[in-house]
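*Asks:* Quick one: the structure is below, and I'll ask about it shortly.
The values are calculated or read from the model by the stated rules, or taken from the named source; none is laboratory data. Keep in mind that what you see is a predicted model, and the values were worked out from it rather than measured. We place every Cβ from the backbone using ideal geometry, glycine too, and count neighbours over all the protein chains shown. Heavy atoms of the whole protein, side chains included, go into the accessibility calculation; ligands, DNA and RNA do not. Shrake-Rupley method; radii C 1.70, N 1.55, O 1.52, S 1.80 Å.
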Amino acid sequence: MKPFTFSVADTPEGAVKELKSFSGARLIAGGTNLLDLMKETIMTPSRLVDINHLELAGLQQLPDGSVLLGALMTNADTAYHEVIQTRYPLLSQAILAGASPQLRNMATNGGNLMQRTRCYYFYDAGMPCNKRCPGTGCPAIPGLNRIHAILGTSDHCIAVHPSDFCVALAALAAQIHIQGPNGKRTLSMADFHRLPEDHPERDNNLADDEIITGIQLPPEDFAVHHAYLKIRDRQSYAFALVSVAAALRLEAGVISQARIALGGVAAKPWRVPEAEILLVGHPPSEDIFMKAAEHLLQGAVGRGHNDFKIPLAKRAIVRALQEAADM
Ligand code: SF4
């Protein structure tokens, strides 16, 4: 591990001031990903700013029916909170499908958004990697790419975002609350993470001197018809090869609203609103679900080892939608 300095922030404003004052400073909360990256010298912050004392670990029910999760609430506290279990069970299921109990007890909601890809080459400091060292190349494209992306890739990077939590947040159309030197702003989940394009070193649209303060879940909670399906190599403590967050609203046996987000297939949770609109006005059926799946996978490209993800994702979408519709 490279040497670094350390400070403790007492307020979001204080944390932002530290980030602005010290080039290369990074925030630390649970540290479940960052410390691993630092030990392997994949990330070498000049300063760590401890934000565990900020009052951002609670859950608020807002007057408009939405729910605000604090950025420092742990994944475990979020998954087991009565409001989340009763109103947003899709989110609870997704969180509990990820990591291990020990990690979920430490990992925070803000940190989950910020976690980095698990691409093998990214974690190997002896290998080139455009995300870690821009301009050095992407050995995953001609190399071992079984876990890599099939959608939204570029010639510079084919890594996937590893989160389950974020896939459910995308399906729920969550809003990310952010604070920076110029005040507060929000970003939709759809706009928070980035596709690699020409700059795979940037995972998201958070500026270096901004902090995530909360995650707002809209009033539409899809508490009745939802499913989170995660396909992985073993039944626990494994990242998704493909995951699907499916949410439906049914009125008189007809779909009136649909959300589908995919994990394990792109550098961000993958949503295609046109595929969701395809379902509206139809009763649930395997045929219409497969049409939506085909639409979601349009443009998918395999690189050899990960070709299997294309048919797997289609079947997983159909199965998740069937579960959500109680078929
Ligand atoms: Fe690096 Fe992305 Fe290529 Fe993996 S896929 S080696 S993270 S550039």
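*Asks:* State whether the residues of the stretch 165-177 include one that is over 14 Å from Ala240 (Cα atoms) and within 12 Å of the ligand (Cβ to nearest atom).
*Replies:* Step one: list which residues in the stretch 165-177 are over 14 Å from Ala240 (Cα atoms), which gives 169-177.
Keeping just the survivors that are within 12 Å of the ligand (Cβ to nearest atom) gives none.
Looking for residues that are over 14 Å from Ala240 (Cα atoms) and within 12 Å of the ligand (Cβ to nearest atom), one finds none in the stretch 165-177, hence no.
*Asks:* Then there's this: Only residues that are outside any strand (DSSP E or B) and touching a Leu at 6+ places or on another chain (Cβ under 6 Å): list them for the stretch 1-11, please. Lay out the reasoning, then the answer.
*Replies:* To start, the set of residues in the stretch 1-11 that are outside any strand (DSSP E or B) comprises 1-4, 9-11.
Across the stretch 1-11, the qualifying residue is only Phe4.
*Asks:* Mind telling me which of the residues Ser100, Ser92 ends up being of a type outside the set (Val, Ile, Thr), under 20 Å from Leu229 (Cα atoms), more than 16 Å from the ligand (Cβ to nearest atom) and touching a helix residue (DSSP H, G or I) at 6+ places or on another chain (Cβ under 8 Å)? Can you show your working first?
*Replies:* Numbers: Ser100 fails: touching a helix residue (DSSP H, G or I) at 6+ places or on another chain (Cβ under 8 Å).
After ruling out the rest, the residue left standing is Ser92.
*Asks:* Please work out if Tyr237 is at pLDDT 95 or above and more than 16 Å from the ligand (Cβ to nearest atom).
*Replies:* Numbers: at pLDDT 95 or above: no; more than 16 Å from the ligand (Cβ to nearest atom): yes.
Criteria not met by Tyr237.
*Asks:* In the stretch 276-315, which residue that is part of a helix (DSSP H, G or I) and of a type in the set (Val, Ile, Thr) is least open to solvent (accessible area, probe 1.4 Å)? Steps first, please.
*Replies:* We begin by selecting, within the stretch 276-315, every residue part of a helix (DSSP H, G or I); these are 276-279, 286-296, 309-315.
When the remaining residues are screened for being of a type in the set (Val, Ile, Thr), the result is 277, 288, 310.
On the way: Ile277: 118, Ile288: 15, Ile310: 37 Å².
My answer is Ile288.
*Asks:* Right, Thr108: away from the ligand (no atom under 16 Å from the Cβ) and more than 21 Å from the chain's Cα centre (by Cα) or not? Talk me through it step by step, then tell me what you get.
*Replies:* Values: away from the ligand (no atom under 16 Å from the Cβ): yes; more than 21 Å from the chain's Cα centre (by Cα): no.
In short, no.
*Asks:* If you don't mind, there's one more thing I want to ask. Can you name the number of the only condition in (1) in a strand (DSSP E or B); (2) aliphatic (A, V, I, L, M); (3) within 15 Å of the chain's Cα centre (by Cα) that Leu248 fails?
*Replies:* (3)
*Asks:* Gly14 is checked against (1) open to solvent by less than 20 Å² (accessible area, probe 1.4 Å); (2) part of a helix (DSSP H, G or I); (3) under 29 Å from Arg132 (Cα atoms) and fails just one. What number does that condition carry?
*Replies:* (1)
*Asks:* OK, next. Identify, from the list Ile141, Ile150, the residue that is in contact with a His (Cβ under 9 Å, 6 or more places away or on another chain), within 13 Å of the ligand (Cβ to nearest atom) and in contact (Cβ under 8 Å) with a residue 40 or more places away in the chain.
*Replies:* Ile141
*Asks:* Can you tell me which residue among Ala57, Ala9, Ala71 is open to solvent by 20 Å² or more (accessible area, probe 1.4 Å), within 27 Å of Asp208 (Cβ to Cβ) and modelled with pLDDT of 95 or more? Reasoning before the result, please.
*Replies:* Working: Ala9 fails: open to solvent by 20 Å² or more (accessible area, probe 1.4 Å); Ala71 fails: open to solvent by 20 Å² or more (accessible area, probe 1.4 Å).
It is Ala57.
*Asks:* Can you find a residue that is farther than 26 Å from Gly24 by Cβ and near the ligand (Cβ under 9 Å from one of its atoms) anywhere in the stretch 155-163? Spell out how you get there, then give the answer.
*Replies:* Narrowing the stretch 155-163 to residues farther than 26 Å from Gly24 by Cβ: 155, 158, 160.
Now drop any that are not near the ligand (Cβ under 9 Å from one of its atoms), which leaves 158, 160.
Yes, the conditions are met somewhere in the stretch 155-163.
*Asks:* A further question on this structure: Could you tell me how many of the residues in the stretch 80-97 are open to solvent by less than 10 Å² (accessible area, probe 1.4 Å) and part of a loop (DSSP other than H, G, I, E, B)?
*Replies:* Count: 1.
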